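Where a number appears in this text, it was derived from the coordinates with a stated rule and is not lab data. If you're wondering where the values come from, they're calculated on a predicted model, not measured in any experiment. Note: ideal-geometry Cβ built from the backbone for every residue, glycine included; neighbour counts use all protein chains shown.
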Amino acid sequence: MKPAVLIARQVFPDVVARLREHFDVEANDAPIDWPQPELIRRLQGKAGLFVAATEPIDAALLAACPDLRAVCSMAVGYNNIDISACAERGVVVTNAPDVLTETTADFGFALMMATARRITESERFLRAGGWQRWSYDLYSGADVHGTTLGIFGMGRIGQAIARRGALGFGMAVVYHNRSRLAPELEAPIGARWVEKAELLRQADHLVLVVPYSPASHHAIGAAELALMKSTATLTNIARGGVVDDAALAQALAEGRIAAAGLDVFEGEPQVHPGLLAVPNVVLTPHIASATAATRMKMAMLAADNLIAVLRGAPPLTPVTPVRP
Ligand code: DGY
């Protein structure tokens, strides 16, 4: 008999078909999130679960689903999964690193540029019929080339953004991360590790790529925004919750920083009303990794992880268990 697995959200038919080759699959084929009681009900008797970045997999769910052996996510971020609780119960967790790095870095850089050069703000003006004449100061923004790029969270995606800035746009790169990069990674892009306060003070364009955890909750709030240049931009492609969105909305409204580009939000898909009310912010709906090719790779990697784990083979991309 094939093991039973649950696919908690709509995904590419090819991925469902691949999993059906190995498992008895129940798949969510509607554009809805199952509430947790329904997820628990559907997980009874299931050995594997395919998720993405938003299904909360916590101790209560694990306790109610004793047959579960693997939780495989098509996202790289796994703050929705209680890793310690999974480790305690011997449930293997996998994520989807690497396959999305360059795509996500492209987007982070594009969002930063759109923010600096006021692309969506000026498009709204044009579409609303506001463009009557050329003017020397019409939607003038901030340069990107030759300025200082600040990266908070210098993992794989942070490094890929830094490469774009240093090698493509002649930017000076400063970064803050728990640990410094090896000199051979810093040198080709001239990246300099600095304390967080220094990062905030020096960056012309600050990009957040730090994983969300209790330690990074509101890592950027009113006090941090106050350290930034009034001409600086802030781009968040990390996770909602890394930024205090209320404090950011206020800083944007008061012109304490120039602009922000946000792909992730506290409590998404809800967006803080203060952010919707200010013009100097570019807002996108958590799409940094969203190209068809990359999303397919992410989903296939999650499927391959599920197949490996339930066959008793080592997972391809396990999340390191965090012991309680
Ligand atoms: C991730 O992979 O963590 C992205 O945020 C996609 O959801």
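Worth a mention:
- The set of residues in the stretch 209-242 being in contact with a Gly (Cβ under 8 Å, 6 or more places away or on another chain) and part of a strand (DSSP E or B) consists of T233, L234, T235, N236.
- Only one of A142, A166 that is among the aliphatic types (A, V, I, L, M), part of a loop (DSSP other than H, G, I, E, B) and more than 27 Å from K297 (Cα to Cα): A142
- Boolean, P97 is within 20 Å of T294 (Cβ to Cβ) and surrounded by fewer than 16 Cβ atoms within 10 Å (Cβ to Cβ): no
- Selection status of D14, surrounded by fewer than 16 Cβ atoms within 10 Å (Cβ to Cβ) and assigned to a loop (DSSP other than H, G, I, E, B): no
- Counted residues, the stretch 94-147 - those being on the phi > 0 side of the Ramachandran plot and within 16 Å of the ligand (Cβ to nearest atom): 1
- Unique match (being surrounded by 16 or more Cβ atoms within 10 Å (Cβ to Cβ), within 16 Å of the ligand (Cβ to nearest atom) and of a type in the set (G, A, S)) among A308, A260, A232, A288: A288
- In the stretch 43-59, of all residues being more than 16 Å from the ligand (Cβ to nearest atom) and not in a strand (DSSP E or B), the one that is nearest to I32 (Cα to Cα) corresponds to L43.
- L301 vs. criteria over 14 Å from the mean Cα position of the chain (by Cα), buried (at least 22 other Cβ atoms within 10 Å of the Cβ), within 16 Å of the ligand (Cβ to nearest atom) and of a type outside the set (G, A, S): yes
- Failed item, numbered, when A313 is tested on (1) farther than 17 Å from V51 by Cβ; (2) part of a helix (DSSP H, G or I): (2)
- Number of residues in the stretch 148-162 that are in a strand (DSSP E or B) and surrounded by fewer than 24 Cβ atoms within 10 Å (Cβ to Cβ) equals 1.
- The numbered conditions (1) surrounded by 13 or more Cβ atoms within 10 Å (Cβ to Cβ); (2) in a loop (DSSP other than H, G, I, E, B) are all true for R133 except (1).
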